[in-house]
Amino acid sequence: MKVKYLFIDDDYDTIYSLVESIESKSDDLEIKCLKPEAELSDTISKIESYKFDGLILDWKIDDTPNEKGQRPSFKTSTLSQELRSKSSLGDIPSYPIIVFSSRQNLNRFYSKDSVSHDLFDLVLKKDDVEKESEKMANQLVSLVDGYHTITEYCKKTKRKPIDLFNLNSEYDFLFDDERLVEELTSDPLLPVYNYAKFILDQIINPPGILIDEFYLAARLGLDLEKSDEWGELVNRYLSDFFYKGPFHEGWYRWWSILIERWWLSLPDNPGPLQNVHAKERVNFLVKYTGLKHLITAEPEDDDSYYFWVACAATQKPLDQLDGFVIKSKTRYPWQERLYISKKAARERIGFSNGIKIDPLEIDRYHDYLKSI
Amino acid sequence: MKKQSDNIIEKLIKTLQDESTDIPKVLDLVTELAKSDPEKAGFSVDAGLIDKLGRELVARKETAVAELVKNAYDADAIEVKLIFNFTNIQGGTIRIIDNGLGMTREQFIDGFMRISSTEKVENPVSLKYNRQRAGRKGIGRFAAQRLGNKLTVISNHDSENKGIKATINWDDFKSGKELWSIRSNITEIETSDQGTILIIEGARDVWTENEIKNTYNYILDLIQPNPISKESTKQGQPKDPGFESVFTYSDQNGSKVIADKQSEIFQYAIAEIEGNVDENGFSNWKIKSDRLKLNDSYKLGLINNSESPLHFLRDINLKAYYFIYEKDLMPGTQRKGIQKLLANKGGIKLYRNGFRVHPYGDPNNDWLKLDESAKRRSILGPHGNNNFLGQIHISDIQGKYFDETSSREGLIENSAFDELFNWALKGIIHSVLMVSEKRGRKPKAGKTREISPTESLYNISNNLKKLSNQLKDKRADGIKDITKKEALDVIVSTKNTLNEFASLIEKTADFINQELAEIETLRILAGLGLVIAEFSHEIKVLSDSIVVDSKSIVENPYIDSETRNIVQRFLSNFNLFKNYSGYFNTAIADNINRQLRPIAIQDVFNNFVDTVRTSAHKSGIEIDDPIFNSYYLFTIPMHPSEWASILYNLYTNSKKAIIRKKVKGRIQLQSGIVNSYIYVKFSDNGDGIPAENRDRIFYAFFTTTSINIPSAQTDENILGSGLGLKIVKDIIENYNGSIELVDPPEGFSTCFEIKIPATSKEELKKHES
């Protein structure tokens, strides 16, 4: 059965092609466009008259009048807030709510309205549709699947969401941090969107417990672009450590600790990944897997080969000791800080997309710029 | 009780009668005796005090060494050598060798060995050269204690052939002992070298090269460029030949000089400037630069090159070292260090009768208005205070012309002072111009800057105030005392002044008219800009939709190949369109935020290259990866869209030049920082700008397009309006920057160089938090 989204926009005619382009990238996705009514309650009734799995909202829905010549008298955040409240009372089910807007409007308005950020599961930029429509389609489908999974767990089995991670003794590390357990086992059960938001924003997105492809490549010392057998390596040897919990279809992640444990379990391994030179990591991988087309990543400048993270600007492997910490919303101890390489820092790559040096590093950053 | 003191006295007598009197024992007994007095009690001093004082008075090792160097300076040494021997580990030896006046046995015992001696308080200037003593009172010995656990002092006083040698073991000064009971050995030795040697053994700290260098920086203000031409002053007192220090490090690998006057600073000066006024008021200037093969002298009198003597100045010496912080003149490693140092210590200091007169040449004091002139940039060679290390010596024992104000906050700024100011400034500027010329640089800004209407009005207002004050003064003098002739003089001079004002105001009015015409055109362009801004967001969103739709047509398997080709072509043209509009979009999106902030040139370049590169490529122009000669490139607070406007205007200009030349285009961006100005060089390989147009291109309504392609000046070509470069220039000058054509790099034909002041660290901090 297809996943159904409603797209609420006062002026969807001009961007219908963008929506359609996303829709066309997945066979499991259907998006229906809808204009908001002038009043909030009418809009909600209109939305509720449809059967759907998730909502996509334009950030500015009060610009263009509808067929009756009326402009909505409320903001997108008001609509979303109302729907979230209703679902927390159990009046309606929890479903994903997504913001869809242009980068300019996001920078201008959304980024400042920080209290609203908790109302949305995902922000999609119109500007990125051309390049990322497939990823967007996957994430939209995955969001609905994830919500379903969490809802099922909470409702039918009365189990706590922490069990979603297919726990067995291998995942003991998840219990290391009481805060993580606490968030996912709270009593009484919270509305589903709370768990969804927590899993997405605090577990999946920040590198730490889970790492993405770029981090995985950095940990293994590999050049992602040049290693033709990357897919082979991941599928044949690392699939057990692939994250299979909610939203995994839209966000590919691996359990970082399991990767490290796997490495140390291999016969004749050269020791903990972080202590091993990237060339040695790759030599060992080639020897162990027999895959010849795995290429060691080269560091920028004369930086170290003891890669551990991916540069937040270039995604290239980086030894974090060589980089600068950038500003991020790390809230929990299991989340790692984000870094950019010296090269990215001095050339300010990605700074126009919001990368900022962490305030604690500003002095060191300026000293570095002055020294070269 | 009585018995006990008798006992002590008995012992004391016995000890004194001993052939070799055991003085420590005597002291101990005396102490004991004093303590046994049933009637009186006195303070005693614990030997641990030395250690405590050492730690509390001299916290840092660098200060400790600096104190000892200052002592050498105070002792009228001309040179002090510091040798750090094996100090890469703890327990090394530091030797401090000076050729000062040295100490006699008495001076050593009553001075050095006496804690809290009042020597320096009583004698604030040094004996021989009248130096203002730099050492803190009574800190020297504690500094030595702070540095190592054993101190050997060898000193030979000026007048003696023999010297003294004393050794102090600081470890002997343990708590629980009486301070005075701890005795150090002092012997007489043969030595012919005058001065004092301190040998500090068992160094408590490790000294890295950098730390040794830092220490050197602590004492730099003691160093004067020397010799100042004349040997002695009128009083017959020897002229201070200056003070130098050499810091050397030595270990098993031999020794090397870490820092000395020569290696640190003066050898990097581009030129040495000397100016003298003799006792008859004739002035003579010399400039010398080995690197530029310049060795010249010139005379500057009342009016340039005049042969008449100066009114007030007699017996003045100026010596200054001139530094230019450019890559080809100073190695990078030194450049930053010297620049940083001279940021504080630079400038021309003023000495009267051998004494420093504050605040002239103090940090942030711009008494010669060098910084002000450098900012004005009509003289292009760098000449801020931080470009000079120099001093002026005035001999005026009677205080006839140069007298300090009663508040001791400088000299009375009379006509003599004004003359000094003019003389020094003129001489220095003349040297700066000579260096620029020798370096093949443009010495002065091409067009003398038009004085702005506001500036001109302020001038008028100031002069009117002056006039009014003059008239008031006359009135105060009492009308009775004014002769008819004097009254007439006042009237005539007032009339002249008023006439002058009238013509000035007329000129200003003309100027304002011209500006208004320009503003009119700018208003039209601004209106156009607003319209574009209004729709730019819609254009962006629509563009995305159009691209996505045309892509799905192209990807549709059911359309015929002809249609596919057409749509494909449409798509690629449209992408180009999108790219162009994208550029306004960034400029305009930023425009929403009206706040000025320091701009990183990297951000400006990244933004420009990202938006323009693709469309440039389609027009046959390659944009090179930007070149950064340094990376600390934050401008003073500006508006981000102003940079977009600057670069886009220059790009349009280049594009036209490239099209006219009919070549494969190339554009290069470069940036760096020189003398706290950030420069941006924008180069292209177009048809170049003919010499006769070089200054005119920045004028309003001058266009190259209208000369070469008259028909090109149509309404749709905004930049053909002749305002493009004018706008660029206005933006830049608004921030005290400059733009000019400079020699292009290899492979390019035109190069615009923009200079914008760099932001201060504080400003940057303010905006980043």
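Odds and ends about this structure:
- Checked against (1) touching a strand residue (DSSP E or B) at 6+ places or on another chain (Cβ under 6 Å); (2) outside any strand (DSSP E or B), residue B:670 meets all criteria but (2).
- Complete set of residues in region A:105-118 that are touching a strand residue (DSSP E or B) at 6+ places or on another chain (Cβ under 7 Å) and open to solvent by less than 20 Å² (accessible area, probe 1.4 Å): A:106
- Scanning region B:86-115 for residues that are surrounded by 17 or more Cβ atoms within 10 Å (Cβ to Cβ) and farther than 18 Å from residue B:188 by Cα returns B:87, B:92, B:93, B:94, B:95, B:96, B:97, B:98, B:99, B:100.
- When B:480, B:465, B:472 are checked against the criterion of being in a helix (DSSP H, G or I) and modelled with pLDDT of 75 or more, a single residue qualifies: B:465.
- Strands (runs of 3 or more DSSP E) enclosed by region A:2-82 - at least 1 residues per element that are farther than 21 Å from residue A:92 by Cβ, within 14 Å of chain B (Cβ to nearest Cβ) and touching a Pro at 6+ places or on another chain (Cβ under 8 Å): none
- Cβ-Cβ distances below 9 Å connect the following pairs, each with a first residue in region B:545-565 that is within 14 Å of another protein chain (Cβ to nearest Cβ), a second residue that is in a loop (DSSP other than H, G, I, E, B), and a separation of six or more residues or different chains: B:552/A:24; B:553/B:559.
- The set of residues from region B:69-105 being over 26 Å from residue B:257 (Cβ atoms) and either at pLDDT below 85 or touching a His at 6+ places or on another chain (Cβ under 7 Å) (or both) comprises B:103, B:104.
- Residue match in region B:539-553 (condition: in a helix (DSSP H, G or I) and modelled with pLDDT under 80): yes
- Failed item in (1) modelled with pLDDT of 90 or more; (2) assigned to a helix (DSSP H, G or I); (3) closer than 15 Å to residue B:732 by Cβ, with residue B:653 passing the rest: (1)
- Of all residues in region B:627-673, those satisfying the criterion of being more than 13 Å from chain A (Cβ to nearest Cβ) and polar (S, T, N, Q) are B:635, B:641, B:645, B:649, B:652, B:653, B:654, B:668, B:670.
- First in region A:331-355 and within 14 Å of chain B (Cβ to nearest Cβ), second anywhere and open to solvent by 50 Å² or more (accessible area, probe 1.4 Å), Cβ under 7 Å, 6 or more apart: A:341/A:316; A:342/A:301; A:343/A:301; A:346/A:372
- Among the conditions (1) more than 14 Å from chain B (Cβ to nearest Cβ); (2) within 17 Å of the chain's Cα centre (by Cα), residue A:85 misses just one, which is (2).
- All positions within region B:344-362 that are open to solvent by 10 Å² or more (accessible area, probe 1.4 Å) and part of a strand (DSSP E or B): B:349, B:351, B:352, B:355, B:356
- The strands (runs of 3 or more DSSP E) found entirely in region B:80-191 that carry 3 or more residues being more than 16 Å from residue B:67 (Cα to Cα) are B:148-156, B:162-169, B:185-190.
- Region B:726-747 - residue that is open to solvent by 20 Å² or more (accessible area, probe 1.4 Å) and either within 14 Å of chain A (Cβ to nearest Cβ) or in a loop (DSSP other than H, G, I, E, B) (or both) and, of those, farthest from residue B:381 (Cα to Cα): B:747
- The test for being farther than 22 Å from residue A:197 by Cα, surrounded by fewer than 16 Cβ atoms within 10 Å (Cβ to Cβ) and out of contact with any helix residue (DSSP H, G or I) (no Cβ under 9 Å at 6 or more places or on another chain) does not hold for residue A:90.
- Residues satisfying the stated conditions in region A:227-240, i.e. surrounded by 20 or more Cβ atoms within 10 Å (Cβ to Cβ) and among the aromatic types (Phe, Trp, Tyr): A:230
- From the options A:213, A:178, residue that is at pLDDT 90 or above and open to solvent by 50 Å² or more (accessible area, probe 1.4 Å): A:213
- Number of the condition not met by residue B:150 [criteria: (1) basic (Lys, Arg); (2) modelled with pLDDT under 90; (3) open to solvent by less than 70 Å² (accessible area, probe 1.4 Å)]: (2)
- Qualifying residue in region B:56-78 (condition: open to solvent by 20 Å² or more (accessible area, probe 1.4 Å), of a type in the set (D, E, K, R) and more than 32 Å from the chain's Cα centre (by Cα)): yes
- Tally of residues being in contact (Cβ under 8 Å) with a residue 24 or more places away in the chain and more than 12 Å from chain B (Cβ to nearest Cβ) across region A:116-132: 8
- Any hit, region A:172-182, residues being in contact (Cβ under 8 Å) with a residue 24 or more places away in the chain and outside any helix (DSSP H, G or I): yes
- Condition check for residue A:296: more than 23 Å from residue A:177 (Cα to Cα), in contact (Cβ under 8 Å) with a residue 60 or more places away in the chain and out of contact with any Pro (no Cβ under 9 Å at 6 or more places or on another chain): yes
- Qualifying residue in region B:661-679 (condition: under 22 Å from residue B:727 (Cβ atoms), in contact (Cβ under 8 Å) with a residue 12 or more places away in the chain and open to solvent by 40 Å² or more (accessible area, probe 1.4 Å)): no
- Count of region A:313-330 residues which are hydrophobic (A, V, I, L, M, F, W, C) and either within 14 Å of chain B (Cβ to nearest Cβ) or assigned to a loop (DSSP other than H, G, I, E, B) (or both): 3
- Restricting attention to region B:509-544, the residues that are within 46 Å of the chain's Cα centre (by Cα) and within 13 Å of chain A (Cβ to nearest Cβ) add up to 2.
- Residues being in contact (Cβ under 8 Å) with a residue 40 or more places away in the chain and open to solvent by less than 30 Å² (accessible area, probe 1.4 Å) - total across region A:356-372: 1
- Any chance residue A:101 is touching a residue at least 40 places away in the same chain (Cβ under 8 Å) and within 12 Å of chain B (Cβ to nearest Cβ): yes
The values are calculated or read from the model by the stated rules, or taken from the named source; none is laboratory data. Remember, predicted model here, so these are calculated numbers, not experimental data. Backbone-built Cβ (ideal geometry, glycine too); neighbour counts: all protein chains shown. To get the accessible areas, we keep the full protein, side chains included, count just its heavy atoms, and leave off ligands, DNA and RNA. Shrake-Rupley method; radii C 1.70, N 1.55, O 1.52, S 1.80 Å.
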